[in-house]
C-alpha cells in the first residue's frame, strides 16, 4: 500500500509495513472483530474505487452502474462455490472466472454506449446497473439461478491449499480470527491492484485513456483507436469490480441483490470524485474515508448522545446520512478537485484564473 | 497527392457539401476559403474521417481513404489540426506533443522533431511543463500545429488556424505555417481570413453554400474582383 509514495527511504516502507501488520491486531484487541471487518470492507472499496477510477478518472466516462460488475463478480463466486448448485470450485479458478465474467459484462455495457458521453452515458449505465440488480432479484423462476431476493447462502470462504480464511486458526503461535486472515489476504491483493493501476496510468494505454477523456476527436486524429481503448477501460474497470465482488461473496458467505443497489454505485463514484478523480492516492484516500467515516459515526453518535443528553435524540442511522451528505457538500465546495488531487489538476485550478481563453 | 472527387456531406437532410472536386499536389499549399457555413470545415472533417461522407471519394497518394477508420488517417500520413485547436487541456504541453507521436517508436527521431517544433515555437518550450488548458488561444494553436507535426505527416490539414486570435498571434502562426510549407509540407488550409490564406498559398478554391464556385492561382484570386468584393471587403 505504500507504493504510490515511492519513498527513497527504506525506513518509511518499514514503518508502513509495520503499521499495516499491526493494524488488525490493534483493532481486534478488545476481542471484537467489528472494526477489522470494517477495515476489510474499506479495502474492498479501494478495489472498487480504483476500478471505477479507470473508467471515470482516466477515460472520463461517467459510469453510474458500476456496482453491477461487483454484483456479477459476487454472484459468479456464489454460484460456483456454494451448495446452491452443489459446485465447490477452488479460488484460483473462480476468481479469474469472476473477473472474466465481469469483464464480459463490461464490454456488453461498453459497446452500445461508445458514442455516448456525459449525461447520456450516465443514464444508460445507471439503467444497466439496475437491470443487473433486477435480474438477480427475479432469476429464481422458471429456473432458479440466483435464488431471487432470498439470495445465496453458505458460500464457501476463500481457501488456499486446504487453508481456510474463515474461522480462527493458529499461525506461528499467533491466534488469527477469520476477518484478520482476510485482512492480510486483502492487503496483499490491494498492493497488487495498486501496482497494476500505477503501471496502467503511465502506460501507452493510460495515456490513450487520458487523451480520449480530454478530446475524443483529437484522440482519433493522433491515431488512437478510441472504440477499442474505451471498451478496454470498461473491461478493465469491470474486472476489478468482479474480483472485489468475488471476495465480498466469500467473506460474507451470503449474497443477495439488495447489496448492489444504486446507492452503492453512487458511493463508489463519490469515493473517486471526493478523493481526487484520476489520482490513484486520492482515490484510495477517498475509498478509505468514505467507508470508515460512516461506520465511525455509527459507533460514535449513539454514545455521544447518551453522554450529552442521557437519551437518544436522533437515530444514529439517519444522522449518519445527514453528516455524510454535509461532508460531501463541504468538500466539493472547498476542494472541488477532491481531497487529494493530482498535482496537475491542482495546478490547473490555480492557474486557470490567470489564463486567457 | 490528395484527390477529392464528388465529395458530398450532409447532416440529416441538410446538405453541407454538394459534390465538390478538388486536388492538392505534393509540396503545395492550397487554400479553401469561403464564408461561415460554406462547408469548408465539413469538407476537411470528411477528409480526416471525423465525419462520414455521403458520397464521392477521397484518394491520398493513390489510395482510397474514403471509408478507412478515423484513427487510420494519421497512419496514411495525414495530420489534422482540428477546428478550435483541440488540444488535450489537462495534459502538459510536452505530453500533448508526445501524444502527437502516439504511433511512433523511433525515439531518437522523435526527439529531433521535438527540437524542431520547439525551434518553430520557442513559446512552447518555455511552457513545456504547463497544462495545455492554461495556455492562451494562440499558444494552443501553436501546440495543435506542433502536435500534428510530431506525427511527421506527409500532409497537414489546418482548420481555421487564425480563428479568434489576436493579429500578432496570427502573424506568428502563419510565419510557421509558411516555414513548414517551404520545407515541402503539403498543406490544405481552411480559412475565413481569405486575404491571409491566399497570400501564403499557391492555389485557392472558393466555397459557397457547399459548392466550389471559383478556383485558380492564389495570386490571381487575390486580384479577382468577385473575390475582392465578397471576401476582402472591397
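Bear in mind these aren't lab numbers, they're just calculated from the coordinates by the rules spelled out. Not measured: the values here are computed from a predicted model. Virtual Cβ from ideal backbone geometry, glycine too; neighbours counted across all protein chains shown.
Values computed for the structure shown
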{"item": "Estimated 222 nm signal from helices in chain A, with DSSP H stretches of n ≥ 4 weighted -39500 (n - 2.57), rounded to 500", "result": "-22000 deg cm²/dmol"}
{"item": "Chain A: relative contact order in percent, alpha carbon pairs under 8 Å with at least 6 residues between", "result": "29"}
{"item": "Stokes-Einstein D for the stretch B:147-234, Kirkwood Rh over Cα pairs, 4 °C, 1.567 mPa s (µm²/s)", "result": "93"}
{"item": "With 10 Å bins from 0: P(r) over the stretch A:223-318, alpha-carbon pairs, percent", "result": "13, 29, 32, 18, 6, 3, 1"}
{"item": "Kirkwood hydrodynamic radius over Cα pairs of chain A, then Stokes diffusion coefficient at 10 °C and 1.306 mPa s, in µm²/s", "result": "74"}
{"item": "Bins of 10 Å from zero: percent of alpha-carbon pairs in the stretch B:72-187", "result": "15, 51, 32, 2"}
{"item": "Value of relative contact order over the stretch A:89-175, rounded to a whole percent, pairs C-alpha under 8 Å and six or more apart", "result": "20"}
{"item": "Helical contribution to [θ] at 222 nm, DSSP H n ≥ 4, -39,500 (n - 2.57), averaged over chain B, rounded to 500", "result": "-10500 deg cm²/dmol"}
{"item": "Cα centroid separation, the stretch A:91-121 to the stretch B:179-205 (Å)", "result": "47"}
{"item": "Burial ordering of B:160, B:217, fewest other beta-carbon atoms within 10 Å first", "result": "B:217, B:160"}
{"item": "Highest-MSF residue in chain B out of B:20, B:47, B:33 [GNM, Cα springs under 10 Å]", "result": "B:20"}
{"item": "Between the stretch A:137-175 and the stretch A:9-70, the Cα center-to-center distance that results, in Å", "result": "21"}
{"item": "Which of A:199, A:320 has the fewest Cβ neighbours within 10 Å, and the rest in rising order", "result": "A:199, A:320"}
{"item": "Cα-based helix-to-principal-axis angle, B:137-150 vs chain B, degrees rounded to 10", "result": "80"}
{"item": "The stretch A:51-180: radius of gyration over Cα atoms, expressed as a fraction of 2.2 N^0.38 Å", "result": "1.28"}
{"item": "Mean separation of Cα contacts under 8 Å (6+ apart) over length of chain B, as relative contact order %", "result": "28"}
{"item": "Debye log10 I(q)/I(0) for chain B, one point scatterer per Cα, at q = 0.08, 0.13, 0.17 Å⁻¹", "result": "-0.28, -0.76, -1.27"}
{"item": "The stretch B:92-134 and the stretch A:236-283: distance between their alpha carbon centers, rounded to Å", "result": "38"}
{"item": "Highest-MSF residue in chain B out of B:50, B:81, B:93 [GNM, Cα springs under 10 Å]", "result": "B:50"}
{"item": "Convex hull of the stretch B:29-106 built on C-alpha atoms - directionally averaged projected area, nm²", "result": "7.0"}
{"item": "Highest-MSF residue in chain A out of A:29, A:271, A:236 [GNM, Cα springs under 10 Å]", "result": "A:29"}
{"item": "Residues B:78, A:263, A:292, sorted so that the one with the fewest Cβ neighbours within 10 Å comes first", "result": "A:263, A:292, B:78"}
